[in-house]
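Here, each number is a calculation from the coordinates, and none is a lab measurement. In this text the structure is predicted, and so the values were computed from the model without any measurement. Positions of Cβ are generated from backbone atoms using ideal geometry, with glycine treated the same way; all protein chains shown enter the neighbour counts.
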Amino acid sequence: EFIQALQMPGTIKDKDKKDEVSDDDRKQMSMEETRKSLPIYPFKEDLIAAIREYQVLIIEGETGSGKTTQIPQYLYETGFTKDDKKIGCTQPRRVAAMSVASRVAQEMRFKLGNEVGYSIRFEDCTSERTVLKYMTDGMLLREFLGEPDLSSYSVIIVDEAHERTLHTDILFGLVKDIARFRPDLKLLISSATLDAEKFSEFFDDAPIFRIPGRRFPVDIYYTKAPEADYLDAAVVSVLQIHCSQPEGDILVFLTGQEEIETANEMLQERTKKLGSKIRELMILPIYANLPSDMQSKIFEPTPPGARKVILATNIAETSLTIDGIKYVIDPGFCKQDSYNARTGMESLMVTPVSKASANQRAGRAGRTSAGKCFRLYTAWAYKNELEDNTIPEIQRTNLGNVVLMLKSLGIDDLIHFDFMDPPPHETLVLALEQLYALGALNHRGELTKLGRRMAEFPVDPMLSKMILASERSKYKCCKEILTITAMLSVNNSVFYRPKDKMVHADTARQNFFLPGGDHITLMNVYNQWEETAHSTQWCYENFIQHRSMKRARDVRDQLEGLVERVEIEMTSNPSDTIAIRKAITAGFFYHTARLDKSGNYKTVKHHQTVLVHPNSSLYEDRPRWLIYHELVFTTKEFMRQVVEIENSWLLEVAPHYYKNRELQDGSSKKMPKATGKSREEVTRKY
Ligand code: ADP
Ligand code: MG
């Protein structure tokens, strides 16, 4: 039950809509006309003039005004790509980089990957000919390693700057620096309507170019009482809107792939029950791991009489603009990294969004006509419980990766790096300590030879250390470790578990279990799939997601290329899981947990209570010493992907980090099973 609380005023009223282009009109228009109907179009000449005049320009405009797709094209038309120079445009999300590049290639009638391309981690869709390059912010950061002055670019657009991802924040400091000694380089910082003054201030008072927005009013509704189950509430709201509200598509904001898949199943089920009593409802998911052919479906026009409902992650907040949305359902949550610099524990957590985020979400309903936003929380909660702004990622995440990268760029004094908002001091210190413990830095904080090689890999330092440890004359299991790394990169989407076949799916999964733990199990899945010559049918029969496997194979191929580059010998040792697990330990010795006398797992250094995830192959075994890949906080702190180790290995791989007495162990026997719920009971919940 909803109550209307307020209206977010627009700049346009529905009754003045005459000169506005309606959605239907748009569908009729050619792509060329569509481009001309975008809010940015009338400002093309002014914008180009401003870019010519100033080296750094902040561009602010409503989501959907055409910043991302049009500005690079305007620059291209004006000749900024002459002399073999490129225009680079960064995106915080890989989906956005791919989708936008494909759209722009279409608009310019080029084949994607030729003149217009994109580059995301483990996937390079560019060529010699590429002059408009969309890429994730992390990829541009990597380009500094090979080309510290970015001399092949004439323009760098740091897009979606308001998202303030870790990589974007680091880019700010780096591009500001190179702009000083490259007067020919143009720098555009583009953002939705947020924070423009702050960006301007950081870039030495760079001028702000504002693209006037077009926005229709959006009515905002809140629930009367808090919702116990927001997923269910979201599904119910979709059906209510579908049955009672006039035409217009629905956008639902959820926190991740799992939630989106559950909501998708629930909606399929319930609409099937309603049968022909309702009009057609097309359910379309969008999240980072969705294959690109399915991603592009969200942009296809809704057939007459039908209604689209898009189940999206945060990606639809500002990075992707979907036309025709009239109703937004906002449960008020997103998934965020949270990091405790004291314990070094990092975990993904479902967190309430900020007011700024909630308002961006609501704004998605008013792009082409007046809309409605249903917030699945109370007006009181909005006012009292939501923060004003999202905390920049740099202040709530592990910095190991970027510190290693900055060190490789020769930036040694991190304390005085030009941060827009500096990270907490403890986080920086901890990152340095971790890199020291991994052997990437020496005691003076300088990059070691190992550290330099680690920086070549676009993965977390713990993973790159694990890869480099696998070559050591002792472990000799590089092939296996690459497979494991690739599988971990898609780890939560390997096993398929449809609602109506959960028991079968679980049995199939358990058949892959091997002693040693989840990493070994993942390797087993990959090896078996390879033996079938990458069969789709085999995946289907074993409840394995084929597209995740294909992605793992791509990642693995890329890693193999990198391994060659740093001249690691391709060793293989498939049956020696001790060697494999020691290599894992060499990278992940920070992530160690031990079973204590009372039958609980505690992290070794900081004695935090952690639980084995019910999906793990070691859920019932409960070995005394474990290494976990990551922590996920749902109701408790769960370790996802765990592997059994022996305490003596910790001294072998990290003698400078662990003291003998920390690792003392009264008995070597396994602890009895903890009393309580069985795997089956617990799995259902998470
Ligand atoms: P901004 O960056 O200002 O938010 P964009 O340049 O991303 O705006 O989007 C401008 C318009 O381009 C959108 O309104 C949408 O109609 C269209 N568009 C963007 N991406 C796609 C796509 N992948 N498929 C179809 N249309 C798209
Ligand atoms: Mg954009």
About the Cα centre, charge dipole magnitude for the stretch 278-352 (Lys/Arg +1, Asp/Glu -1 at Cβ), debye: 200
When a/c is below 1.5 the answer is rounded, else prolate if a/b is larger than b/c, else oblate, so apply that to the stretch 280-389 with a ≥ b ≥ c taken from the square roots of the Cα gyration tensor eigenvalues. oblate
For the stretch 263-270, 3J(HN,Hα) per residue [Karplus equation, 6.51 cos²θ - 1.76 cosθ + 1.60, θ = phi - 60°, Hz, x = Gly/Pro]: 4, 4, 4, 4, 5, 4, 4, 6
For the stretch 267-343, what relative contact order do you get, as a whole percent, if you take Cα pairs closer than 8 Å and at least 6 residues apart? 28
Mind listing the long-range amide H neighbours of GLN608? Cut-off is under 5 Å, sequence gap 5 or more, other chains count too, H placed in the peptide plane at 1.01 Å from N. THR603
Zone reached by a paramagnetic label modelled 7 Å from GLU426 Cα along Cα→Cβ, restricted to the stretch 394-420 with backbone N below 17 Å, covers 394-400
Once you charge only the Cβ atoms, +1 for Lys and Arg and -1 for Asp and Glu, what is the size of the charge dipole of the stretch 385-427 about its Cα centre, to the nearest 20 debye? 280
With θ set to phi - 60°, apply the Karplus curve 6.51 cos²θ - 1.76 cosθ + 1.60 along the stretch 413-425 and write out the HN-Hα couplings as whole Hz, x wherever there is a Gly or Pro. 8, 6, 4, 9, 4, 7, 8, 5, 10, x, x, x, 4
Which shape class, rounded, prolate or oblate, goes with the chain when its Cα gyration tensor gives a ≥ b ≥ c as root eigenvalues, a/c under 1.5 marks rounded, and past that a/b bigger than b/c marks prolate? oblate
Put a dot 7 Å past each Cα toward the Cβ at LYS636 and ASP576; how far apart are the dots in nm? 3.7
Residue by residue through the stretch 112-126, the couplings from Karplus 6.51 cos²θ - 1.76 cosθ + 1.60 with θ = phi - 60°, in Hz, x for Gly and Pro, are 4, x, 8, 5, 10, x, 9, 9, 10, 4, 6, 8, 10, 10, 9
Calculated P(r) tail over 24 Å for the stretch 28-135, as whole % of Cα pairs: 22
Given the pairs LYS355/LYS465; LYS272/LYS297; LYS186/LYS465; LYS82/LYS297; LYS383/LYS501; LYS383/LYS602, which are separated by over 32 angstrom at their Cα positions? LYS355/LYS465; LYS186/LYS465; LYS82/LYS297; LYS383/LYS501; LYS383/LYS602
Dipole-positive endmost among GLN257, ALA206, GLN295 within the chain (Cβ charges, Cα centre): GLN257
Would you please give the FRET efficiency between ASN511 and ASP83, computed as 1/(1 + (r/R0)^6) with r the Cβ-Cβ distance and R0 = 41 Å, to the nearest 0.05? 0.10
Amide H proximity to ARG214 below 5 Å, modelled H, separation 5+ or other chain, gives none
Amide H of TYR153: which non-local residues (sequence gap of 5 or more, or other chain) have their own amide H closer than 5 Å, using H built in the peptide plane? LYS86
Loop-located GluC sites (Glu not before Pro) in the stretch 536-635, at most 16 other Cβ atoms within 10 Å (DSSP): GLU567, GLU569, GLU620
Any chance you could give the angle, 0 to 90 degrees and rounded to 10, that helix 478-489 forms with the longest Cα principal axis of the chain? 40
Calculate how steeply helix 137-146 sits against the longest principal axis of the alpha-carbon atoms of the chain, using the helix alpha-carbon long axis, and give the answer as 0 to 90 degrees to the nearest 10. 70
First select every other residue whose beta carbon is under 13 angstrom from the beta carbon of GLN608; then total the charges, Lys and Arg +1, Asp and Glu -1. +2
At a 10 angstrom cut-off on C-beta neighbours, averaged per residue, how do the peptides 423-430, 152-159 rank from highest to lowest? 152-159, 423-430
Of the residues ALA505, GLN55, ALA440, the Cα lying farthest along the dipole of the chain towards its positive end, which is defined by charges on the beta carbon of Lys, Arg, Asp and Glu, belongs to ALA505
With each run of n ≥ 4 DSSP H residues scored as -39500 (n - 2.57), what mean residue ellipticity at 222 nm is computed for the chain after dividing by its residue count and rounding to the nearest 500 deg cm²/dmol? -11000 deg cm²/dmol
Once the other residues with Cβ under 15 Å from the Cβ of SER648 are scored (Lys, Arg +1; Asp, Glu -1), what is the net sum? +2
Theoretical FRET efficiency, 1/(1+(r/R0)^6), r = Cβ-Cβ of ASP557 and GLN240, R0 45 Å, to 0.05: 0.45
If the label point sits 7 Å along Cα→Cβ of GLU652, residues of the stretch 589-605 with amide N under 16 Å come out as 589
With an 8 Å cut-off on Cα pairs and a minimum separation of 6 or more residues, tell me the relative contact order of the chain in percent. 11
Give the peptides 302-313, 584-595, 503-514, 273-284 in descending order of average Cβ contacts within 10 Å, highest first. 584-595, 302-313, 503-514, 273-284
Under the classification rounded if a/c is under 1.5, otherwise prolate if a/b is larger than b/c and oblate if not, where does the stretch 590-640 fall, given a ≥ b ≥ c as square roots of the Cα gyration tensor eigenvalues? rounded
Given the Cα-Cα distance of PHE299 and ASP596 and 0.36 nm per residue of separation, how much length would full extension add, in nm? 101.6 nm
Residue farthest toward the positive end of the dipole of the stretch 487-618, with Cβ of Lys/Arg at +1 and Asp/Glu at -1: which of GLY516, PRO614, LEU488? PRO614
Taking K and R as +1 and D and E as -1, what net charge do the other residues with C-beta under 14 Å from the C-beta of MET108 add up to? +2
Linear extension gain, THR448 paired with GLU107, 0.36 nm per residue minus alpha-carbon span: 118.0 nm
Testing the spin-label approximation: label points 7 Å from Cα along Cα→Cβ at ASN492 and SER151. State their distance in nm. 4.3
Just want to confirm a number: the relative contact order over the stretch 514-627, from Cα pairs under 8 angstrom separated by 6+ residues, in percent. 23
Note down the nm distance, to one decimal, between modelled labels 7 Å out along Cα→Cβ at ASN289 and at LYS224. 4.0
To the nearest 20 Debye, how big is the dipole of the chain about its Cα centre, given +1 on the beta carbon of each Lys and Arg and -1 on that of each Asp and Glu? 1500
